[in-house]
Every structure is written in C-alpha cells, then in structure tokens.
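Report on the following structure.
The values are calculated or read from the model by the stated rules, or taken from the named source; none is laboratory data. Since we're looking at a predicted model, the values are computed, not measured. A quick note on method: Cβ atoms are made from the backbone with ideal geometry, for glycine too, and the neighbour counts reach across all protein chains shown. In case anyone asks, the SASA skips ligands and DNA or RNA and just uses the protein heavy atoms, side chains included. Shrake-Rupley method; radii C 1.70, N 1.55, O 1.52, S 1.80 Å.
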2 protein chains.
Amino acid sequence: MSPRGQAPDTARPTTLGRALMLVHTGYGVRSELTDRLGLTRTATGTVLRDLEHLRLVRTIPGPRPERGGTGRPSHRVEIHPDAPVALGVQVHYESVALLDVGLGGVAGQIVEHRLPRPATPEAVLGLVADLVAARLATASKRCVGLGLALPSAVAGNGTALAALHLNWPVGVPVASITGDLLAARGHRIPVLVGNDANLAALAEHRHGAGAGASDLLYVTTGQCGVGGGLVLDGRLHTGSAGYALEVGHIPVRPGGRPCHCGSLGCLDVEADPSALLAEAGLPTPEPIMPAARALVAASASDPAARAAVLAVTRRLAAGLASLVNVFNPDRVVLGGLHADLLAVAAAELRDEVARRSYLDQAARVPIVAGRLAQPGLLGAAEVALQPLLDDPRTVLRQDRSAHHPEYRPQGTSS
Amino acid sequence: MSPRGQAPDTARPTTLGRALMLVHTGYGVRSELTDRLGLTRTATGTVLRDLEHLRLVRTIPGPRPERGGTGRPSHRVEIHPDAPVALGVQVHYESVALLDVGLGGVAGQIVEHRLPRPATPEAVLGLVADLVAARLATASKRCVGLGLALPSAVAGNGTALAALHLNWPVGVPVASITGDLLAARGHRIPVLVGNDANLAALAEHRHGAGAGASDLLYVTTGQCGVGGGLVLDGRLHTGSAGYALEVGHIPVRPGGRPCHCGSLGCLDVEADPSALLAEAGLPTPEPIMPAARALVAASASDPAARAAVLAVTRRLAAGLASLVNVFNPDRVVLGGLHADLLAVAAAELRDEVARRSYLDQAARVPIVAGRLAQPGLLGAAEVALQPLLDDPRTVLRQDRSAHHPEYRPQGTSS
DNA sequence: ATCCATTTGTGAAGCGACTGGACAAACTCG
DNA sequence: CGAGTTTGTCCAGTCGCTTCACAAATGGAT
C-alpha cells in the first residue's frame, strides 16, 4: 500500500515524480533541477539515472548553445522521445475534440467531430470511445490514460453533476461509462473526468500564462456560462466533492438578467458570449463564439460594440473582484472570450477590479490572458498524466506488467 | 537547509510532526496513530519513542477504561505535562485577551485588558508586550511562540493591511514591532500574526466543530464586519499575500446598505451585529454583541425581532451560498453571532443556502455552529505551535540553543 | 482455569533515499 | 596555459522506514 520508506498520508509526489514534473514543465537545465528539487547533485544524478532507465527522460551532456556563466556547463535534460503520452478529450456543445499530449506538453494533431444528435450521454461517450479507440490503434507511443473535459461540474469519481447545456441528466457516471466502452473496444486505460474550466486552469498553470503562480485563479467563458479554476501549489483545487470554482453564480449586477439558478444578474448570464451579443442588441447565432469575437474586434471602431464590450467587461470585473477578495491569488488568467475582452479593454478591466478590490494588495494582482490554444484539451491530458508525474515508477510498473509479466525494472544498484 | 533525507520543496510536516499533530488533535490510541500515520507498528514505535524523548508525549501502557474489541488493548498516548505551550493574543475593538495554550488544546486562564485610548499600534502592541512579558515571567512551561489575532487582513510577513476599525494606518508591521517590544523586555520568541477569523477557522478545525473536515469553510461575525477562514487539508489557506477569505464584500442584497468599500449590500454591512440591530430598528450600543445576542434570544417570542433575525439570516445564507459554490467545502462552521442565528433559525438558513446552491451536492453541505468559546485566541496560539507540529525536533533544538546569546528569532512566516 | 484466536508492541536485519566529502570533468577568464 | 569556478560521479555513511519473527495482553469458548 505505502510506496516504500515514505509516509503515504496525503498522496504526494515522489521525488522521481517531482523531477519529472520539473522537466515536464520546461526546466531543462540539470543544475536548475538540482536547485528546485532541493537535493544534492549526487541525489539528482541518481534520480535522473532512474528516469533515464524508465525511458522518460534523456540527458544531453553536450554543451549548451549559449550560456553566460563561468564553470562547467550543466547538462540538458529533456523528455525522452519514447515517453508515454496521454489523450485529452473535450466535449463542447457542438463537437468533441481529441488530442494526444506527451510529457512536456507536446501535442499531436487535434481530431474534431460533430456531436451526435441528440447528444445523449451514451451517444456522446460512444463517439468519444470510437475516436479514442481509433487513435489508440494507430498510436506509436504508449498511452497512460484518457482525460475528459466536460462543460459540467464533475464529482471526484468522474460523475457529471450538471451538464445542463448538454441536456444530460444529473449524475452521469462519465468515467465509468467511458471506461466500459473503451474496455469493450479492447482498451483498458484509466479515464479521468473534469470540468473544462478547471482543467484549462491546470493547463495554463503547467504550460501557459499561469506558470509559476502559487495561487492561480483562472476564469473563462466558452459557449455559454462562465467557468473557473484554481490551482494551489501546483494542484488543481476541486473542492471536497469536485465542484469547486463554480463561479457562474456570483452576483455581478443587481437586478440583471434572470439566471436558471433563480437569481438575477449572475456572472453566468452577464459575462458570457450571449450576454455580450445581447448587450449590443444582436441576435445569438449558432455557433456563438465567432460572432462574439467579431463584436469584440469591431469594438475598436464601432461605439455601440465598444459600449457593449465595456458593459460586459465591467461585470466580469465585478466577478473577478469578488473572487480575488476571497481567494487572494497571485495571478489571474483569463481564457476564452474573456481573454479577448482583456485584449481590447485591459485598462478598464484592471481598473474596475482594482476599484472593487478590498485591499491595495488585491488591486495589484496581475491579470493576464491565457496563452494556450486548447487549454481544456491540454488540461484533460494533464490530469491523465498526473499519476505518472506523481509516481513514475509505480505507473510504469503497472503498465509494463500488463504486457510482460516477468519484466522487472532495474533498481538503482546495478 | 533541507532537513535530512527529505525533499524540502513544499514545507511539509515531518512524520514526527504528523504524529504529534494527531495526538494534539485528540487521537490518543496508539493503534489509531499507526493507522492514521500509515506506518507499521514498528515505525510508530520509534516515532513515539522519539516524541517521548523530546518530552512532548507520554504513553500509558495501562489498560483502557472501556473497550469493545478482542486482542491486546492498545496503549494510550497523551501530551506530556512538560510539553511547551504557546501564547495566543487577540486584539478586539475594545480589549486585548491573552491565553496560554498547550499542545492538545489545553488552555490556561484568559487575561483580558481594556484597550488603551487612543488605540494606536504602538499603544496596543505595547500593552500586548507587557501582558506577554508578565505571563512569560511567571510561566512554568517553555513557550514556543506568540500568536496574534487581529481584526484585519494580515500579510504573510505579519503586517496588518487594513485594521480599519481600529483606525490603524495601512501596513503596520505588527509582527516585527511586537517582536522588538518583546525583545526589549528580554523575551525572544517568534511572533506570528493572523486575521482573527482565519485563526478561528483553524482552531475550530483542530479542536472544534470543524474536526476532520478536509475543506472547512468558517464564517463569523464579531464586533463589526464579517470574517471567514478556509482550512484545506489541515492547513490554513491564507492566499498568496495573506488576505484570502476576506468575505465581507460579497454582495448579498442588491441595493442594500452602503459599505465603506463603495458597493451596496455587502455581507459586511448586511450580516453583522449592527446590521441585525438596525434591521430591528434598534440603536447600536457599545458594546454591541450583548445587545445583538439579546435580540436573537428575544426572537423566540418577539415577532419583530424574529423578522429582523430572519432577514439577516437570509443575507448570511446568500453569502454562504456564494462561498459554497466557489469553495465546495465539506463542512461550514459558523462562529460569533452567526452561530446564534443558526441556533434560532437553522432550518431557514439551511433552506436558503440550499435554494441558492448551484448543485444538489452543495445543498447538502453540513452547516454547524462553532464549539469553541475563544476560537480566535486558540487559533492564534495554534499558529504559534505550528512549527513545533511541523517539525518538533528542529524547533526544540533551536529552542535549546536559544539560551546562547547569538540566537535570533525569525520575524514571521506563513 | 485453560487454551485459542486476535490484536498489539518490540527487536533484528535490510533497503531505499538521501547527505557529505573527495575527486574528475568542463568551461571562462586573465 | 593555468587559475578559478561550476558541475557530475564515486564512496561511505545516516535516517526513516519495511519485513519478519516473536513476545505480551486481552476476550471468548471449553
């Protein structure tokens, strides 16, 4: 049960895992790894040798292209080309996207497919299983798991709690259904499910605009509604039941639009694409995002569009201020349409958040746009990679023993 | 720098510390310690032997008073009578309270003193230093630190960011000032400062109604304004700058009372004692709490009082629902006057929170009253004990060397 | 009372992760 | 070219934990 020589109270990463995580998140200089791990050079050496034996990492002793300091140059460490990958899947309102992501965040080709209609759980997850199976059949690298990003609150056990906009019933056990469908197609891989905004937050923290933040708040809006995520100490904060950061129902406009939750003026209905279009007096087409983006772009010249953008930006700012006052993040990353709003109304957004912040310190929180094209997909893959990043040895041992029962990965002593 | 044979990345408790924490929080059966630590009986044995040598713990092999199961009965483990204590100080609006708290949460006698007028930082902290020095001079047990609970947001370095109601300027370096004042009186102990509601949350988690919760949300109101705290995985979440859980400015009533933050209808001005009295059309006396408590008590028979209580309860519920939706706690503990409201209007409060909760799961969060008489005071002592609970060996080693003249206490941390 | 099943504490041996010291390797700078 | 600096590796420990074996302490069945 317990790994070995380690206390297993809170599942926390092995040193091997921490080292792999550092390489995964872009630290490629060996001496830097030594510093960040807080180990001696000797210990870092054995850790890297182990990771190399596991074919997760390789070190290049060759000289670095350009360096400043004196002394012997440090080796470069990079993800091994044979290292396993994870699959990320995102269920949107109209489509399903699939992407294979390796350690280091290197992504393959996105496959996208329209949602079947009606988009029942069975139909959607059947499609997901088909796409995944097809990808696995042709994959050259081992796949350690599947991550699934849903536009819904998701419980810790992989159950969709409120995929309202997909018209799913409450409590669809997505993880187990998908696992069964994959098993029926001959693939047995772990399936992890999460809220898309949560997962996007994780991805931005690992590989994007949130890198290095210790308390990262992420807020985004996609098709409809507003989602959020919080990354604390490098771990996604999902709350006790998995529905943390359901930020859509923060009141941001007294007497505003009615929300399906029963209140008026929730963030969900005041700062999403349809709210922006409505503010400009425009109809809401399908799909909605291009129209909303066009409106934001038009705001550079069109005063009416500008007014709508500013109105929505103000309400977004009110919601952000509430969250900043409560979470005290050291960085705020905006995704989806909110990143577009930030691009055209950064000053207004930051001023309004600062004005509504309780403390001077809160007013100085950096608010930046996300840097990733597909943060939800990447985050989904990221959670599938998580066990590997926590404890590479155990994951690979299990993985190998499925194929070669007698295989024994060599320990440190030769 | 690093302890020894352990990775020092995120400061996390030693196994010795984890064991001490368990005894500290009331686990007194040795076999239970073995289970909770996730260690073998052998390892638990050596850990306890070490703690015993440090005179932090003692084990009583004698038979337990009453047991059910078969087999050899397990030893009892309890805090050693010689174990060190910590001092907790709480600055209220009209008084300062001081309490010495030992491991296990055993508290001594509270000393209370009226605030000097004007209550400048120098005057207040001078009084604190006098009280602490007097207590240290007569103390029989070693004191590992002083915790200071303030009605203000507090930065990680022990600086009061917004002691508005004390009329303090922004940015009083409370920890360092108090440390210097104590040093001038011949006492060199670490001083840690925190927000009173934050610290109360920690105390309720360790020794009160929040015990065992993995994601504990605490909300309270004292003299004026509403405070909160969040305990995640047994650690106080203070945010990156220390002002997390400033919950007072969540909007709970569109068009409500004006708040000093500039908005209308903030939780701070809608769910504190003066809001309750105002709702009932009563004046706000000094001190305010007895009057507010009397009003809550009167609500059993007086319809007008009842109406005021229900109005404030509804607004509190609105704030709680917002917080529950974003934090997804597995328990909510109410302190101060909010606990009184819960006592007389539990059904109404819970129903309203459930109604405003986004998810069914959120609606089922247990909402309970705090159990501690002086949670802020206890929590202050708790953070002063924290280094001991994280790494008993190092703290006691430093403590021994404190008799050497060149010892320098750290200002603060966490 | 006696034996048995069960649970708990303890000693011996060993392993894995890490440290510290010593040394060789690789680079910059003068 | 050598001096100074930084880096990787070998060797001998240490520390925290495990496994195995056994003794101690109970309740229950006989």
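Below is a table of values for the structure above.
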read-out: Selection from segment B:243-287 of residues that are among the hydrophobic types (A, V, I, L, M, F, W, C), away from every other protein chain (no Cβ under 14 Å) and more than 22 Å from the chain's Cα centre (by Cα); value: B:275, B:276, B:277, B:278, B:280, B:282
read-out: Within segment B:198-233, tally of residues that are modelled with pLDDT under 95 and within 13 Å of chain A (Cβ to nearest Cβ); value: 2
read-out: Selected residue (only one of A:128, A:193 is open to solvent by less than 60 Å² (accessible area, probe 1.4 Å) and in a strand (DSSP E or B)); value: A:193
read-out: Failed condition for residue B:118, given (1) farther than 18 Å from residue B:383 by Cα; (2) open to solvent by less than 40 Å² (accessible area, probe 1.4 Å); value: (2)
read-out: Yes/no for residue A:66 being at pLDDT below 95 and either part of a helix (DSSP H, G or I) or open to solvent by 70 Å² or more (accessible area, probe 1.4 Å) (or both); value: yes
read-out: Pairs where the first residue, in segment B:67-91, is within 10 Å of DNA strand D (Cβ to nearest atom) and the second is β-branched (Val, Ile, Thr) and part of a loop (DSSP other than H, G, I, E, B), C-beta under 7 Å, 6+ apart; value: none
read-out: Breaking point among (1) under 17 Å from residue A:219 (Cβ atoms); (2) open to solvent by 20 Å² or more (accessible area, probe 1.4 Å), for residue A:287; value: (1)
read-out: Given (1) modelled with pLDDT under 95; (2) more than 7 Å from DNA strand C (Cβ to nearest atom); (3) more than 26 Å from residue B:106 (Cβ to Cβ), number of the condition residue B:38 does not satisfy; value: (1)
read-out: All positions within segment A:207-224 that are open to solvent by 10 Å² or more (accessible area, probe 1.4 Å) and either on the phi > 0 side of the Ramachandran plot or outside any loop (DSSP other than H, G, I, E, B) (or both); value: A:207, A:212, A:215, A:220
read-out: Hits in segment A:17-35 (condition: within 13 Å of DNA strand C (Cβ to nearest atom) and acidic (Asp, Glu)); value: A:35
read-out: Boolean, residue A:20 is over 23 Å from the mean Cα position of the chain (by Cα) and under 24 Å from residue A:202 (Cα atoms); value: no
read-out: Residue tally, condition outside any loop (DSSP other than H, G, I, E, B) and open to solvent by 50 Å² or more (accessible area, probe 1.4 Å), over segment A:92-110; value: 1
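Every residue, every condition in (1) surrounded by 23 or more Cβ atoms within 10 Å (Cβ to Cβ); (2) of a type in the set (A, V, I, L, M); (3) assigned to a helix (DSSP H, G or I), yes or no:
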residue: B:276; (1), (2), (3): yes, yes, yes
residue: B:281; (1), (2), (3): no, no, no
residue: B:294; (1), (2), (3): no, yes, yes
residue: B:300; (1), (2), (3): no, yes, no
residue: B:304; (1), (2), (3): no, yes, yes
residue: B:307; (1), (2), (3): no, yes, yes
residue: B:316; (1), (2), (3): yes, yes, yes
